[in-house]
Every structure is written in C-alpha cells, then in structure tokens.
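What follows draws every value from the coordinates through simple rules; no lab data is involved. Model, not experiment: these values are computed from the prediction. As a convention, Cβ positions derive from the backbone with ideal geometry for all residues, glycine included, and neighbour counts pool all protein chains shown.
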C-alpha cells in the first residue's frame with residue numbers, strides 16, 4: 001500500500017489516467033452485461049438468416065456498402081435509426097435483427113436504439129463485415 005501511495009504521489013497524471021481507464025472498462029462491462037443487445041458470432045448469424053429470416057442492417061456508408069455487403073441487407077445510417085426513420089425495417093419488428101458495421105465496434109448504440117423502437121431480438125455481429133469477409137462468407141456488390 002505504501003508503494004501505491006508513493007507511485008500516486010510521484011505520478012499523479014499517470015495514476016489519474018489509470019483510474020479513468022479502469023472506470024471505462026468497468027462501465028463498458030456492466031453496460032454490455034445488462035444490455036438487451038446481444039453479440040452474435042458469424043455462424044449463429046448465418047443460422048438466424050437461414051432459419052429465422054433475420055434482417056441485416058448495415059450501418060456503413062453507401063459507398064462501402066456498394067463495395068460488398070451481406071445479401072439482402074438494408075443500408076441505414078445510424079442517424080436514421082436514432083431519429084426513427086426506419087423505412088423497410090419497420091416491417092421486420094417480429095424478426096431477429098443483426099446490426100453490422102465495418103468492424104463491429106460502433107454498432108451497439110444503433111442497436112440499442114432499435115430496442116427502444118420496439119424490436120425484441122437485436123444482435124451485433126462480432127467483428128462486423130471485416131470478420132465476415134475474413135471467414136470468406138459471401139458478400140454481394142451493388143451498382
């Protein structure tokens with residue numbers, strides 16, 4: 001304990017950064033544990049798509065979407081989801097929804113907004129499109 005207090009005294013900024021990072025890790029862990037949004041692996045996503053007619057929501061920019069996306073996915077902006085402009089997605093409230101981004105890291109907030117909009121089964125694809133293509137799973141190109 002003496003060494004910790006000495007370290008804090010000698011390196012206050014480094015100690016503060018450590019405390020902030022620890023708090024962020026704890027907050028993120030609790031947020032994901034108690035969230036209604038689930039993380040889903042690629043194999044389970046394929047099963048949901050094939051067996052339960054899951055809807056894929058691709059959050060990437062239009063140009064990235066056109067370069068390659070999961071078949072039959074809808075391209076929506078996170079801002080559209082936040083504002084409630086769901087378009088075709090509105091018809092799929094009873095189906096599982098899989099939210100996809102480039103790497104899967106920024107999909108959680110839009111997925112939470114879908115839960116608030118009344119969707120029951122919302123998932124985030126782990127590692128996003130990058131993980132999907134790394135597994136050589138099919139992507140479709142648009143014009």
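Put in order of Cβ neighbour count within 10 Å, fewest first, the listed residues 108, 42 become 42, 108. The GNM of the chain, with springs linking C-alpha atoms under 10 angstrom apart, assigns the highest mean-square fluctuation among 75, 113, 50 to 50. Sorting 101, 7, 27 by the number of Cβ atoms found within 10 Å of their own Cβ, with the fewest placed first, yields 27, 7, 101. By how many degrees, 0 to 90 and rounded to 10, does the Cα axis of helix 12-33 deviate from the longest principal axis of the chain? Computed tilt is about 40 degrees. With R₀ set to 30 Å, the beta-carbon distance separating residue 139 from residue 16 gives a calculated FRET efficiency near 0.10. With angles folded into 0 to 90 degrees, how steeply does helix 42-52 sit against the dominant principal axis of the chain? Use alpha carbons for both and round to 10. Around 40 degrees separate the two axes.
With both labels modelled 7 Å from their Cα along Cα-to-Cβ, the residue 77 to residue 26 distance reads 3.8 nm.
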